[in-house]
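Encoded as C-alpha cells, the structure appears first; notes follow it.
The values are calculated or read from the model by the stated rules, or taken from the named source; none is laboratory data. Not measured: the values here are computed from a predicted model. Every residue, glycine as well, gets a Cβ built from its backbone with ideal geometry; the counts of neighbours run over all protein chains shown.
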Amino acid sequence: MNVLLTGQRQVGKTTVCKQVAELARGLGWDPAGLLSPALLDEDGLPVAYHALMVSDGEQRLLARADGDLGGPRIGRYSFDANVLSWVIGELRRAISQGCDLLIVDEIGPLELEQEKGLAPLLSDLIKGEIGQSQNGSPPQVGVTESRTCSGVLCHSPNKLGTPTFLHDGSEDPGLLWDSPARRDLPPLLLVVRPELVGQLRKRLAGIAFRTFTVTQENRQALPDAIVQELFADYDPGK
C-alpha cells in the first residue's frame, strides 16, 4: 500500500519521513526521494526550505521567503526553477533505477493549483511508469549506443523482483526496458497538507493510498506504522 502523510505545519512530517527512510534502509531496502527540511528564524518560523535527497544526502536551496530565486512563487515563497528541475530529474532517476520506496516531501499548492513545481512527477505517477511512450505503451528495447551501459543491455531484479533499468550516467538518463512488460512504481510516501489531501487523492485516483496524520502525540510511533503499511512483511517487534 502507498501512504499519504499529512498534518499541521511544523508538526514533524519531514522528520517522520526521514525516520521511515532510515528504518527502510536498516531493513535492507533502498529508499529514495525528496525531503524538504525547513530553515527556521530566531522565532522558530520557517524562512526557507532545502531540497535534500534521501539517497545520497545532497542538498540545495529550494525556496525562500526573503528573496527572489527566479522561479515560481506560492504565498511568500520564491522557488528556484533549476533546483525544481534537478529534483524532478533525481526522482525520475531513482524510479528508473528501481528504488524500493519513493518519498516526496511535499506535494502542495504549487503542484495542485498552479501545475508547477513537481507537477511533471505527478503526471509520471498518473501514468504509472517513468518513460511511458506517447501512445500509452511501454517503450521497447532498441536504443542508441549512447544509452547503453558499456554497450551491453542487462537485466537485474531489484528487491521487489521487478526489472531495473540501466542508464548512461548522464543528467537525463534514457530508460532501457528489458521487456515489453510495464514497469511498476515503487511504494510511495507522499506528504501533503491536510486541506489538499482530497485534491491529491482525486488527482491520483488510480493509486491506492492510506492516509496517516502526524500529531504531537503519535509522531514517535508513526514511522514504524508507516513502514509496516508500506512493506507488509515488516515486523516492528523484531
Mind listing just one residue for me: the one in the range 194-220 that is within 15 Å of Gln10 (Cβ to Cβ) and touching a Leu at 6+ places or on another chain (Cβ under 9 Å) and, of those, surrounded by the fewest Cβ atoms within 10 Å (Cβ to Cβ)? Thr215
Could you run through the range 197-219 and say how many residues are at pLDDT below 95 and within 15 Å of Val20 (Cβ to Cβ)? 1
Among (1) in contact with a strand residue (DSSP E or B) (Cβ under 6 Å, 6 or more places away or on another chain); (2) farther than 20 Å from Ala32 by Cβ; (3) at pLDDT 95 or above, there is one condition Ala81 misses while meeting the rest; what is its number? (1)
Odd one out for Gly70 among (1) surrounded by 14 or more Cβ atoms within 10 Å (Cβ to Cβ); (2) in contact with a helix residue (DSSP H, G or I) (Cβ under 9 Å, 6 or more places away or on another chain); (3) over 20 Å from Lys13 (Cα atoms): (1)
Within the range 48-60, can one find any residue that is over 18 Å from the mean Cα position of the chain (by Cα), basic (Lys, Arg), surrounded by fewer than 18 Cβ atoms within 10 Å (Cβ to Cβ) and not in a helix (DSSP H, G or I)? no
Go through the range 200-222 and count every residue that is more than 18 Å from the chain's Cα centre (by Cα) and either part of a strand (DSSP E or B) or touching a residue at least 24 places away in the same chain (Cβ under 8 Å) (or both). 6
Which numbered condition trips up Gln114, out of (1) closer than 17 Å to Gln10 by Cα; (2) touching a residue at least 40 places away in the same chain (Cβ under 8 Å)? (1)
Out of curiosity, is Leu35 under 21 Å from Glu113 (Cβ atoms), at pLDDT 95 or above and under 19 Å from the mean Cα position of the chain (by Cα)? no
Any helices (runs of 4 or more DSSP H) falling wholly within the range 78-132 and containing at least 3 residues that are touching an Asp or Glu at 6+ places or on another chain (Cβ under 7 Å) and either within 21 Å of Lys18 (Cβ to Cβ) or of a type outside the set (A, V, I, L, M, F, W, C) (or both): none
Could you tell me how many of the residues in the range 6-47 are within 26 Å of Asn82 (Cα to Cα) and part of a helix (DSSP H, G or I)? 6
Condition first: under 21 Å from the mean Cα position of the chain (by Cα) and hydrophobic (A, V, I, L, M, F, W, C). Now tell me which residues in the range 61-84 satisfy that. Leu61, Leu62, Ala63, Ile74, Phe79, Ala81, Val83, Leu84
